[in-house]
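Student: Quick one: the structure is below, and I'll ask about it shortly.
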């Protein structure tokens, strides 16, 4: 395996002896690929994402991201890994309500040791790119769902992560906002960002990913779409490749 | 309303939130204990004394009547006055001057007991309608078996006089015609010491000085006599009912300068109790409100499955009532268990004091009401919310505040977790204000307690100031050495290895005419007429203590309030009581009358003594020394460093022989002994409450921000970084609280401790007891309390699994 993300025989049990949330899952995501992970509720989609992000630890198997074994890292090193290698986008945004939009975006950069001015400049750049620079000094509570998700995306990108992980990124926003968010993700992938999206929406998966992995009962039951060779943008980056 | 599902949900919630429940329990327990302790201590002091007075039928008022100015019938009629509940008398009364030895023989300076004034009442029996006297108190057993006088020529002395003669000893009444001798039959113990001694009623006439008016004592109790104002009103009614001039004087232990039964600990205890109650209010309200608000979402869920609004409210109140009730009960029991042995020594042996019933009811009910009110407001509000709003209220994003604080904190050259932590309290200003207030009161209590303990320790120790390490004297401080004895004693002290320095001391007391209420303290000292008479010109009625020294006395270490110790003849030092009574102060001149001869002196300095008596310190030379008849009462001795006190005492005692005692000084009377262990306990209680307040604040913040914690960790904050962040959540309020608490606590201590002193004057070193290092340590202690309180929640936050927190979404 030579992908950016490599899972090998990964199992996750939340209760000993119970039904595993993931059962000997192996998969690989190449650099620049956009992969959608689909499945019904309880299939293990979010668990998979959490393991890649280091938010949780597998009961068995290995998880490697950008050449680093994530499953063996301690809490501190996992946190440092998340700062620089992973950008997380959650369904319910998970912004810090007491920080302004700019403060939220700057946070991972500041934790990574970036100076205040540089972090602020980077945040300004990202917010402008995402079209929400005018909300820089606003609190998240005053924004719409779509706007909050854009803030979350900006935060996820601030340290130029190797991988962007999105867990139901459009699940808590309206249709129009969801489309806009989806297009944003497409654009990011087209620019070379490796993307893993968890969704239960087949239309979303078809539109924004070039490969769909389906899970059921913790196992990969199918994969559709072409795998992209390492280093090349996926079909999502080619005009007209999507309906 | 079905109770079962309500209680089921309530119990499950309380059990699941065990830490929160334990904090509520602990806060309510400590607060209830503090409230009960404070109220009980305040009530017990007067209750105890009142109980003891009631048990011995003590009189509220003793009146000295000029018998020549009122008829017996008119006097008897006073018992029917409105307000008089009981009366006793009239008992014949007179004032005598007694002496022993050479002084009795009229040879001043010849040794023996210096003359003393005694007020004597003629009573055939120690018991009567009022004022039961114990004729054989066990405390005086060492003097012999005491009994009441049975015939003329016998006298029983009140233990309050301070006179100590063995049973069978002789007193000469030098003021009475023929200088009769009385045999001491023993000592009487009365709870209301309006007189100094008792004889048979028929003896009084023979003891009366030539030309002295016939006097009688009447004792009264009244329906209203618990305050000085009430007693004054009662006395006014009596005077109005009697002819003018019939009332020569009166005394009441309720209305005296230091009303006996007043507990000088009271202002301090009340202050601590108030602090404790305020802390309890703040912490309880904070805890309960936050707990309710944190459960809004759950309440919404309950409503969505069918709980009525009333059931939702009841669920929440029931959940919080479990630790609240348990805490209040535990605290009431704990407070009762602790305070009972404390209050019983207060008064008077044989009379047990119990916690008043109203306190046993008020404290638990009050604390329950307080907690209930704090919980009811948000609980009722939640009960009324539509289900969907309750769910949303538990989840909805907050408006967000504190942008300025974050911006300012961001500029600090500190790591991001620290700056985020420092700014966080400002995003919840109302909650942070309550936390700040709790910390403020708690830290104020700690500062107050610490400085107060040090002050009180110094005040209590001041009873030993000015007394030397050892003293050599005769059996009573009012006995004097003869000139030959003086020379021998001084030579022996000089010759004794280990003697660093010594000085001869004469204790002189001029007794003017004491009228009006009599202070118990002056009673204890006694009012002897010295062989040397020292008065203040123009103030014949002012009773002044005087210490006269022959030699260098500057080393004795009396506590100077202002000025300096006298250093040449013609100078004196005076006490704060002296300046309060005369209006004179350091630098002023005053004319003394020494054996009738005027002597003008300058006041060199003002001295603090823990009694209320006007006192002066003067050299023999200023008073004209032996020519004036001065002789020493005792010698104050200082030892060279490293000298064994025990060995020196034994050696000097051998050298001096029997009749002269060598011992450590007993210490002079203080205006009131202050209960240092009590204040230490109260300080600890308040510190515990302050710590609980911090713990509570950190726990609440951690719980409320658990989601934020998960996000911080998700974007890369390491577990070790979350610890300082959580600590900083409470550190900013703690620093602000400490900055305010330090001056607040010291100011309060200043105000309280000065109340103890006559004229509210104390040496600065007794008030400003904390130096720079102490203040720094106190500040650090406050911060340490804050950090210690936050450390547990901080560590828990660091260990929280990020996925578990965010996964709940």
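Student: Applying the selection to the range B:637-651, what residues are part of a helix (DSSP H, G or I) and either over 17 Å from residue B:490 (Cα atoms) or touching a helix residue (DSSP H, G or I) at 6+ places or on another chain (Cβ under 9 Å) (or both)?
Tutor: B:645, B:646, B:647 - these are the residues of the range B:637-651 that are part of a helix (DSSP H, G or I) and either over 17 Å from residue B:490 (Cα atoms) or touching a helix residue (DSSP H, G or I) at 6+ places or on another chain (Cβ under 9 Å) (or both).
Student: Hey, could you check the range B:424-436 for residues that are under 30 Å from residue B:746 (Cβ atoms) and crowded, with 20+ Cβ neighbours inside 10 Å and say which is nearest to the other protein chains (Cβ to nearest Cβ)?
Tutor: B:425
Student: Testing residue B:413 on (1) touching a helix residue (DSSP H, G or I) at 6+ places or on another chain (Cβ under 9 Å); (2) within 14 Å of chain A (Cβ to nearest Cβ), one condition comes back false. Which one is that?
Tutor: Every listed condition holds for residue B:413 apart from (1).
Student: Report, ordered by the first and then the second residue, all pairs with beta carbons closer than 7 Å, sequence separation of six or more or different chains, a first member in the range A:47-58 that is more than 9 Å from chain B (Cβ to nearest Cβ), and a second member that is part of a helix (DSSP H, G or I).
Tutor: That search, which allows pairs on different chains as well, returns A:58/A:51.
Student: Out of the range B:158-199, which residues are assigned to a loop (DSSP other than H, G, I, E, B) and under 16 Å from residue B:141 (Cβ atoms)?
Tutor: B:164, B:165, B:166, B:167, B:168, B:169
Student: Given the residues A:156, A:162, which is the only one that is touching a residue at least 60 places away in the same chain (Cβ under 8 Å), surrounded by fewer than 22 Cβ atoms within 10 Å (Cβ to Cβ) and either at the interface with chain B (Cβ under 10 Å from one of its Cβ atoms) or within 23 Å of residue A:34 (Cα to Cα) (or both)?
Tutor: Answer to the check: A:162.
Student: Another question about this same structure. Consider residue A:110 carefully, then state whether it is within 7 Å of another protein chain (Cβ to nearest Cβ), part of a helix (DSSP H, G or I) and in contact with a strand residue (DSSP E or B) (Cβ under 9 Å, 6 or more places away or on another chain).
Tutor: So residue A:110 does not fit the description; no.
Student: Return the pairs, sorted by first residue and then second, in which the second residue is not in a helix (DSSP H, G or I), the first residue lies in the range B:693-715 and is without any contact (Cβ under 8 Å) to a residue 12 or more places away in the chain, the beta carbons are less than 8 Å apart, and the residues are 6+ apart or on different chains.
Tutor: Pairs that qualify, where the first residue is without any contact (Cβ under 8 Å) to a residue 12 or more places away in the chain and the partner is not in a helix (DSSP H, G or I), are B:708/A:96; B:708/A:97; B:708/A:98; B:715/A:88.
Student: For the range B:380-401, which residues satisfy the criterion of being at pLDDT 75 or above and either closer than 17 Å to residue A:110 by Cβ or buried (at least 19 other Cβ atoms within 10 Å of the Cβ) (or both)?
Tutor: none
Student: While we're here: Checking the conditions here, which among B:710, B:716 is within 11 Å of chain A (Cβ to nearest Cβ), crowded, with 21+ Cβ neighbours inside 10 Å and not in a loop (DSSP other than H, G, I, E, B)?
Tutor: B:710
Student: Continuing with this model, one more query. Check residue B:440 against each of (1) away from chain A (no Cβ under 14 Å); (2) at pLDDT below 75 and name the one condition it does not meet.
Tutor: Failing condition for residue B:440: (2).
Student: Go through B:535, B:539, B:568 for me and flag whichever is surrounded by fewer than 18 Cβ atoms within 10 Å (Cβ to Cβ) and closer than 27 Å to residue B:98 by Cβ.
Tutor: One residue alone meets the criteria, B:539.
Student: Starting from residues that are at the interface with chain B (Cβ under 9 Å from one of its Cβ atoms) and touching a helix residue (DSSP H, G or I) at 6+ places or on another chain (Cβ under 7 Å), keep the ones in the range A:59-79 and report whichever is surrounded by the fewest Cβ atoms within 10 Å (Cβ to Cβ).
Tutor: A:76
Student: Of all residues in the range A:1-44, which are under 15 Å from residue A:195 (Cα atoms) and part of a loop (DSSP other than H, G, I, E, B)?
Tutor: Selection gives A:3, A:4, A:30, A:31, A:32, A:33.
Student: Could you grab me the full set of residues in the range A:120-142 that are within 12 Å of another protein chain (Cβ to nearest Cβ) and either in contact (Cβ under 8 Å) with a residue 40 or more places away in the chain or in contact with a strand residue (DSSP E or B) (Cβ under 7 Å, 6 or more places away or on another chain) (or both)?
Tutor: Correct list: A:139, A:140, A:141.
Student: Here is a further query. Quick one: which residue in A:42, A:18 is over 30 Å from residue B:415 (Cα atoms), out of contact with any strand residue (DSSP E or B) (no Cβ under 8 Å at 6 or more places or on another chain) and more than 14 Å from chain B (Cβ to nearest Cβ)?
Tutor: A:18
Student: Here are B:289, B:226: which of them is within 30 Å of residue B:123 (Cβ to Cβ) and either outside any helix (DSSP H, G or I) or at pLDDT below 70 (or both)?
Tutor: So the residue among B:289, B:226 that is within 30 Å of residue B:123 (Cβ to Cβ) and either outside any helix (DSSP H, G or I) or at pLDDT below 70 (or both) is B:226.
Student: Mind listing whichever residues of the range A:92-103 are more than 7 Å from chain B (Cβ to nearest Cβ) and more than 21 Å from residue B:427 (Cα to Cα)?
Tutor: none
Student: Looking at (1) surrounded by fewer than 19 Cβ atoms within 10 Å (Cβ to Cβ); (2) part of a loop (DSSP other than H, G, I, E, B), find the lone condition where residue A:187 falls short.
Tutor: The failed condition is (2).
Student: Moving to a separate point now. Which condition does residue A:82 not pass, out of (1) over 21 Å from residue A:208 (Cβ atoms); (2) outside any helix (DSSP H, G or I); (3) at the interface with chain B (Cβ under 8 Å from one of its Cβ atoms); (4) touching a strand residue (DSSP E or B) at 6+ places or on another chain (Cβ under 9 Å), if it passes all the others?
Tutor: With respect to (1) over 21 Å from residue A:208 (Cβ atoms); (2) outside any helix (DSSP H, G or I); (3) at the interface with chain B (Cβ under 8 Å from one of its Cβ atoms); (4) touching a strand residue (DSSP E or B) at 6+ places or on another chain (Cβ under 9 Å), residue A:82 is out only on (2).
Student: Residues that are assigned to a loop (DSSP other than H, G, I, E, B), touching a helix residue (DSSP H, G or I) at 6+ places or on another chain (Cβ under 7 Å), farther than 17 Å from residue B:62 by Cβ and at pLDDT 85 or above: does the range B:240-249 have at least one?
Tutor: Scanning the range B:240-249 turns up at least one residue that is assigned to a loop (DSSP other than H, G, I, E, B), touching a helix residue (DSSP H, G or I) at 6+ places or on another chain (Cβ under 7 Å), farther than 17 Å from residue B:62 by Cβ and at pLDDT 85 or above.
Student: Among the numbered conditions (1) away from every other protein chain (no Cβ under 11 Å); (2) surrounded by fewer than 19 Cβ atoms within 10 Å (Cβ to Cβ), tell me where residue A:145 comes up short.
Tutor: (1)
Student: Looking at B:648, B:635 in this structure, which one is crowded, with 16+ Cβ neighbours inside 10 Å, under 36 Å from the mean Cα position of the chain (by Cα) and modelled with pLDDT of 90 or more?
Tutor: Exactly one residue qualifies, and that residue is B:635.
Student: Another question about this same structure. Which of the residues spanning the range B:588-600 are modelled with pLDDT of 85 or more and surrounded by 12 or more Cβ atoms within 10 Å (Cβ to Cβ)?
Tutor: B:588, B:590, B:591, B:592, B:599
The values are calculated or read from the model by the stated rules, or taken from the named source; none is laboratory data. All values reported here derive from a predicted model rather than from experimental measurement. Quick reminder, even Gly has a Cβ in these numbers, built from the backbone with ideal geometry, and neighbours come from all protein chains shown.
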